[in-house]
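Each reported figure results from applying straightforward, stated rules to the coordinates on display, with no laboratory input. The structure presented is a predicted model; accordingly, all values stated were derived computationally and were not measured. Note that we place each Cβ from the backbone using ideal geometry, even for glycine, and neighbour counts take in every protein chain shown.
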Amino acid sequence: MIASEKEIIRRNVREYVFKVKNKQQLDAALRLADYVITPPELYFEHEKIWLAPPRFGEFSGSAREIYCQNVGHLMLPGIKHGGFGLNVINNEAAEILAGFGVNDITVGVEANIKDILRIKCKILTIYAYGRFPLMLTRQRLHGNLTDRTKRRFPIAGDEILNSVKLSLSGKKVNADRLLLDFFDETPAEIEDILNCFRDNINMENITRGLYGI
């Protein structure tokens with residue numbers, strides 16, 4: 001059943017969050033994005049930067065702002081942002097996170113449009129571009145996996161990434177922020193991708209994901 005008018009929260013994209021993997025991407029992101037998510041090896045204190053701790057194992061570092069990818073990250077000191085790894089798809093989960101002081105949430109990619117319209121939080125983010133992680137590994141690896149159809153699945157640290165990029169460019173989405181997750185894109189490609197979103201241009205050779213958008 002479609003959400004009633006009273007349940008629907010209408011949102012318009014105002015900000016972009018970039019998740020980066022290397023120094024060149026970080027430099028471009030600081031120029032182009034509203035906020036930037038970095039791994040620990042790239043982190044430094046900056047008003048735009050959020051730290052993404054490893055998704056496996058304990059983390060003893062500290063940061064001004066934390067992008068939480070598992071429930072253990074909610075215990076770390078600092079301003080907390082709800083990451084897509086928490087897989088929030090309903091209000092019950094959003095309310096639990098609010099109890100930890102998390103008022104901005106990246107919705108889980110398994111959420112459909114009806115779920116997204118009903119989630120109540122101060123700021124809602126949608127994962128709008130990237131090779132979404134399919135699996136996690138305890139070992140931090142490099143390279144690629146190849147399946148029997150010869151599709152290539154890149155490995156980035158503790159994440160095994162999708163062989164196909166997801167993109168919601170050219171689609172109207174109900175969100176306050178869009179998360180653009182970069183893997184091997186150059187700074188020039190990053191700027192082109194951002195412009196596709198700003199100019200409402202469809203991208204080729206991508207998947208739309210499971211959002212039902």
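The dipole here belongs to the stretch 87-213: it is taken about the Cα centre, uses +1 on the Cβ of Lys and Arg and -1 on the Cβ of Asp and Glu, and is about 380 debye. Using a simple spin-label model with pseudo-atoms 7 Å out from Cα toward Cβ, ARG151 and GLU58 lie 3.8 nm apart. Taken as Cα centroids, the stretch 47-69 and the stretch 143-184 sit 21 Å apart, rounded to the nearest whole angstrom.
Arranged from fewest to most other beta-carbon atoms within 10 Å of their beta carbon, LYS19, LYS114, LYS150, LYS165 become LYS150, LYS114, LYS165, LYS19.
Overall, the chain carries a charge dipole of about 440 debye about its Cα centre when +1 sits on the Cβ of Lys and Arg and -1 on the Cβ of Asp and Glu, all other atoms neutral. Taking GluC sites (Glu not before Pro) across the stretch 13-101, the ones in a DSSP loop with at most 13 further Cβ atoms lying within 10 angstrom of their Cβ are GLU45, GLU47, GLU58. If the chain linking ILE96 and ARG198 were pulled fully straight, counting 0.36 nm for each residue of separation and taking away their Cα-Cα distance, it would gain 33.4 nm. Selection among GLN139, VAL102, LEU117 by position relative to the dipole of the stretch 99-153 gives GLN139 as farthest towards the positive end (Cβ unit charges, Cα centre).
Mean residue ellipticity at 222 nm from the helices of the chain, using -39,500 (n - 2.57) per DSSP H segment of n ≥ 4 over the full residue count, to the nearest 500 deg cm²/dmol?
Details: 4 runs with 37 residues, N = 213.
Per the formula, -5000 deg cm²/dmol.
Size descriptors for the stretch 5-80: radius of gyration and Dmax over Cα atoms are 14.3, 45 Å. Counting neighbouring Cβ atoms within 10 Å and putting the fewest first, the residues PHE59, PHE44 line up as PHE44, PHE59.
Applying 1/(1 + (r/R0)^6) with R0 = 25 Å to the Cβ-Cβ distance of THR186 and ASN144, what FRET efficiency is obtained, to the nearest 0.05? Efficiency, rounded to the nearest 0.05: 0.85. For the chain, rounded, prolate or oblate, judged on the Cα gyration tensor with a ≥ b ≥ c (square roots of eigenvalues), a/c < 1.5 rounded, else prolate if a/b > b/c? Cα axes put the chain in the rounded bin.
Once both labels are positioned 7 Å from their Cα atoms along Cα-to-Cβ, the gap between LYS171 and ARG14 label points is 2.4 nm.
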